[in-house]
Amino acid sequence: MIMKKLLFFAVFAAMVAGCQQNQEKQDALVNQLRDSLNSIITQKDTELNDMMSTLNDIEDGFREINEAQGRVALAKQGEGTNTKERIRENVQFIQTTMQQNRELINKLKQQLRESSFKGDQLKRAIESLTAQLEEKDKQLQLLRDELQDRDIYIGELGEKIEGLSTDVANLTVESTQKTETINTQDKQLHAAWFVFGTKKELKEQQILVDGKVLQSNFNKEYFTKIDIRVDKEIKLYSSSAKILTSHPSSAYTLQRDANKQFILRITDPQLFWSTSKYLVVLVK
């Protein structure tokens, strides 16, 4: 009896120790996961705070430019040497602040490119700031023309403004090019190609060779390119249709129209095109 009790307590103690070890391992994994999540959150917060700080500096710059424009407007109503000097100082301040804002906008764009934070709203904000900078540049050029008419010379401002105009043009071109690149990449990402034809036609284009589909150097120009987000219905113009490429059967239906000819309707584009971006249909 004593031996049985000792054996029972030994087994019980081993079970308790094992549970404690499993709990410790589980706690360690949970702590590791928590630390990883906190690290990710901290990184994102740091990146976002840096970008918001840059954005606030840009907004402060535009506020100071607006205030300087107001001082110039008041000074233009006066006369004398002091008035001209105040105008020069404020116009030069506007020019310098605009250049600083230009550099800050470039910095903000770089921060967004390097950040793990991808926000369309921030991209739109950068585009809006660039547009504001371009508008301020136009206003500055108009002011320069007006001051020249009043024989108020701003030193080397003319050359600097021309440089600013070039910078704005370059920023506009860069933004347009990047937008076009993104649109092209987006279309390519959602592009697919389809073809339907008789057995003879598919063989002539090397699409069907010895009963195998798309195994040789087939004619890609024979296919029609589509956008899978838009094109979800393909008319096959035949009363006989057989899909030769591999696509999940749950992602499409083959239905007949009023003329008894088949129409391929893609009900789940992402699933349908997940196995192949090429669709081959055999018709008669």
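The values are calculated or read from the model by the stated rules, or taken from the named source; none is laboratory data. Bear in mind that the values here come from a model prediction, so they are computed numbers and not experimental data. We place every Cβ from the backbone using ideal geometry, glycine too, and count neighbours over all the protein chains shown.
Quick look at the values:
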{"quantity": "Filter result for the condition that a residue is modelled with pLDDT under 70, closer than 30 Å to TYR278 by Cβ, among the acidic types (Asp, Glu) and part of a helix (DSSP H, G or I), over GLU180, GLU174, GLU221, GLU159", "calculated": "GLU180"}
{"quantity": "Criterion (acidic (Asp, Glu) and at pLDDT below 75) met by exactly one of ASP57, ASP45", "calculated": "ASP45"}
{"quantity": "Boolean, SER274 is in a loop (DSSP other than H, G, I, E, B) and on the phi < 0 side of the Ramachandran plot", "calculated": "yes"}
{"quantity": "The lone exception for SER116 - which of (1) assigned to a loop (DSSP other than H, G, I, E, B); (2) at pLDDT 80 or above it fails", "calculated": "(2)"}
{"quantity": "Residues located in the range 204-235, provided they are touching a strand residue (DSSP E or B) at 6+ places or on another chain (Cβ under 8 Å), farther than 26 Å from THR253 by Cβ and of a type in the set (D, E, K, R)", "calculated": "LYS220"}
{"quantity": "Residue in the range 265-276 that is surrounded by fewer than 16 Cβ atoms within 10 Å (Cβ to Cβ), in contact with a Ser or Thr (Cβ under 9 Å, 6 or more places away or on another chain) and hydrophobic (A, V, I, L, M, F, W, C) present", "calculated": "yes"}
